[in-house]
Amino acid sequence: MNNTLTVMRYELLTTIARRSFIFTAIGLPLISALFFFGLSTLNRSSPQALTSVVGNLPGQVGNAVEAEGYVDLSGIVQTIPESVPAGRLIAYADEYTARQALGQEKISAYYLVPADYMQNGEIIYVRPDFNPLSAFDQAGLMRWVLRVNLLGGDWQLANRAANPLQLDVILLEPPSARDQENPLTFFLPYGVTLLFYVLILMSASLLLNSITKEKENRVLEILMSSISPRQLLTGKITGLGIAGLIQAAIWVGVGFAALRLGGRSFDLSQAFQLPLSFLLWGLIFFVLGYALYASLMASVGALVPNLREASQATFIVIIPLVIPLMAISIIIRDPNGALATILSLFPLTAPVTMMTRLAATSVPLWQTTLAAILLALTAAWIVRAVANMFRAQTLLSGQPFSPKRLFRALAGKS
Amino acid sequence: MVKFWRVFHYEFSRHVLRRGFLFGLLSVPLIILFMAGVIMIIERSERDSRPIGYVDQSGLLAEPLPAAAARDSLTIKLVAYTDEELAKTALEAGELQAYFVLGADYLQTSQARAVAMKRISAAAEDEFKDLLRAHLLASQPSEVLARLNQGDMLLVRSADGSREVNEGQWVSILLPFFIGIAFMIAIFSSSGYLMQAVVDEKENRTMEVLLTSTSPNTLIGAKTVAMISVGMTQLLAWFVFAAIALVIGSRYFPIIQTIQIPPGMLAISLAAFLPCLVTTSALMVMIGSSVTDAREGQQMTGLITLPAALPYWFAIVLMTNPNSPLSIALSFFPLTAPVAITMRLAFGMIPPAQLAANLVFLWVCAIGALWLAGRAFRIGMLSYGKRLSLGEILGRPQKQEAQP
């Protein structure tokens, strides 16, 4: 026990004293917080300053929507609806004059409606800056004018046909109490998911690094003479786990402070306040998820000969952690649906998925408890299996890594 | 020169013939395929083919549609109900995915109500909108109706006529984004290998033995060229994969046939890619020579890979305002240039003079970085087990020529 504590204290102290740890734990959130703080201050005090950096250079087209020309060879455009500001769309008889006007900068771009528009519906939009993205956006007005003229100038009918429904949606079994239109409904669970993913992965990689490094420089051989492999593993896992928790606490704290300081109208409505139990479950799932992935990483660390191969081998281990990230939009849209429930109960994907669900909706208590129990059992099993394979024989052999060896070793057959 | 090729051959074959390299090479296309597969499966499982119901109190939908307005086969069936209670019962029984109620004043207000269990799918809403649209426009001449139903197609053309893209070609519009990513991955994986190659041999002291029989310049030059070749091999392999996928895919998905890559754009992107690859590789050699072990080296590379992600943070600026000062700055900065230039080219026109200045500047940076890297390498050889600071690399020149 004493040995375990020594290892734990050593790992914890060396990790948090390392410059790179301090940078990622404090510097990184601080820099991004400052960045957003600066951005929001700049945005409030002088919006022009921001646009001058992000907007197009003056003298180039595409800044604001200016006057545009059109050449109607099909004869469809008879009237320009009154709601279009005068001078916004200027008619030209042929493309030559329109091109001249463009050259003289009287117009910023022009449309060409070909004579066979009725047959194939093509509209040509000539812009000096080309940008298709802005073009699709800005061409809406001209397309509307064409539609209105197709309907004989009846702009009310054109509007109604374009958007025939002002829909009032009533859900009999709404998935959550939240307003579906609010962007936070998506971004709050999304942020929580990313946070958990990064935290678990990062603290688990710390363990992998520490084992591979000691293996590479052969400190491990000396350590083995005075400490049992299991004590070593337990000490490392707890020590680095505490380091991970410290990091998590700092991140969450800085994030909170930044949101307050930034003055970003942080008036979360009641539906978005995460309850205290969320923090508690977060702690449980982080600790269990970390134990699971850290010991998996440790098993990789025990089998690979050097750090370079380690980073390739971890790929196999983290695949299940990535799956919830890929399915995230579905989990958030339907947090109590079949896919979300399965992923949050399956131990390897549970730590991340369950936190997404908890942030997105209220999860039945039995599911959270069941997921935690399943995860705890799996973690315990993996930690045991890894501790068993954490023997001098596997640790010291210089064989290359292969997934087959990993699974054999986990099953206790190596 | 013989030694140069020997080192080159050793480094190149050591990386390319490794299983890990093949794995990395295949993993990117495989991950893309896998993700596409997952998304398709999820999309399919989400699809709800149950009919939707409607209750019409406005009388709009009562009249039958003229033949010209009749629509093609529907993906979702529409069922009319005379009474909302009946529709509600059907909805609760799971026979309907949703139902819509048009009030008596619909024609004045366009207000309507939709009732569903959990959520209302966009497909269901679109289907019902199509029905309403068909009825609203039922009295129009068939020619007008056909045009309105098919919609129009916008073709964007640059003023000099050299570039053209239409709305249906959204894959081509997004393609530069992926080309930029491929460039970035190739740059960082090959320069990462290079750093490892320098640091490993420094750590296990092979370097000292090697330098007894070859000059530092030959050694580092050959290593750099080898790793750049590894990067190019990787890139080439991906382009071949992509080409094969496109050829096969175009048989099944017609949208792929609309993809066009303007050759000029690709050439300019490649021209920007090369100096950036050289710059990044040189910076990695510099890091590799100034740190003492592999782990420290990996941490330091974070300083280089972090700014490389900037174009993706500011992707929206690059796409909507390709000529903003920020976009221009990103395309001049060597670590972000390949992505920034590719995206600016795709979403706008870069003035030729600016483009030329940009490329020249990138090459100047590349040469400067190479010079620094060579110096760092030579000084690093002498100060063993000690980290080099940037000041040392820049500051103390000729006194420390590392001729073993």
Residue-averaged [θ]222 nm for the protein assembly as shown, counting only DSSP H segments that reach four residues, each worth -39500 (n - 2.57)
-21000 deg cm²/dmol
How do B:L390, B:L326 line up, fewest other C-beta atoms within 10 Å first?
B:L390, B:L326
Which residue fluctuates the most in chain B, going by a Gaussian network model with Cα springs under 10 Å, if the choices are B:G374, B:G249, B:G391?
B:G391
Of A:W381, B:A340, B:Y106, which is farthest towards the positive pole of the protein assembly as shown's charge dipole, taken about the Cα centre with +1 and -1 on the beta-carbons of Lys, Arg and Asp, Glu respectively?
A:W381
Sorting A:F187, B:F178 on the 10 Å Cβ count, fewest up front, what's the list?
A:F187, B:F178
Full-stretch length increase - A:Q100, A:L28 - with 0.36 nm per residue and alpha-carbon distance subtracted
20.6 nm
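How much FRET efficiency would the formula 1/(1 + (r/R0)^6) give for A:L339 and B:A123, where r is the Cβ-Cβ distance and R0 is 25 Å, rounded to 0.05?
Details: r = 19 Å, r/R0 = 0.76.
Computed FRET efficiency for A:L339 and B:A123: 0.85.
When Lys and Arg each count +1 and Asp and Glu each count -1, what net charge do the other residues less than 12 Å away from B:M265, Cβ to Cβ, add up to? Each step should come with its number before you reach the end.
Details: positive: B:R163, B:R344; negative: none.
Neighbourhood net charge equals +2.
Between B:Q354 and B:S142, what's the calculated FRET efficiency when r is the beta-carbon distance and R0 is 56 Å? Round to 0.05. Numbers along the way, then the final one.
Working: r = 52 Å, r/R0 = 0.92.
The pair B:Q354/B:S142 has a calculated efficiency of 0.60.
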Pop a pseudo-label 7 angstrom from the Cα along the beta-carbon direction at both A:T369 and A:L171 and give the gap in nm to one decimal.
2.7
Identify which of B:I187, B:I304, B:I244 has the largest mean-square fluctuation in a Gaussian network model of chain B, with springs joining Cα atoms closer than 10 Å.
B:I244
Between B:G288, B:G103, B:G297, find the one with the highest GNM mean-square fluctuation for chain B; connect C-alpha pairs within less than 10 Å.
B:G103
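Tell me whether the protein assembly as shown comes out rounded, prolate or oblate; compute the Cα gyration tensor, take square roots of the eigenvalues as a ≥ b ≥ c, and use a/c under 1.5 as the rounded threshold. Each step should come with its number before you reach the end.
Working: a/c = 2.31, a/b = 1.42, b/c = 1.63.
Taking the square roots of the gyration eigenvalues as a ≥ b ≥ c, the protein assembly as shown is oblate.
Test of understanding: ordering B:K202, B:K88 by Cβ neighbours within 10 Å, fewest first, what list do you get? Mind dumping the intermediate values first?
Details: B:K202 23, B:K88 18.
With the fewest neighbours first, B:K202, B:K88 line up as B:K88, B:K202.
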Between A:L280 and A:T14, what's the calculated FRET efficiency when r is the beta-carbon distance and R0 is 22 Å? Round to 0.05.
0.15
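Rule-based calculations on the coordinates, nothing more; no lab input. Here the structure is a predicted model, which means the values were calculated and not measured. Cβ atoms come from the backbone with ideal geometry, glycine included; neighbour counts cover every protein chain shown.
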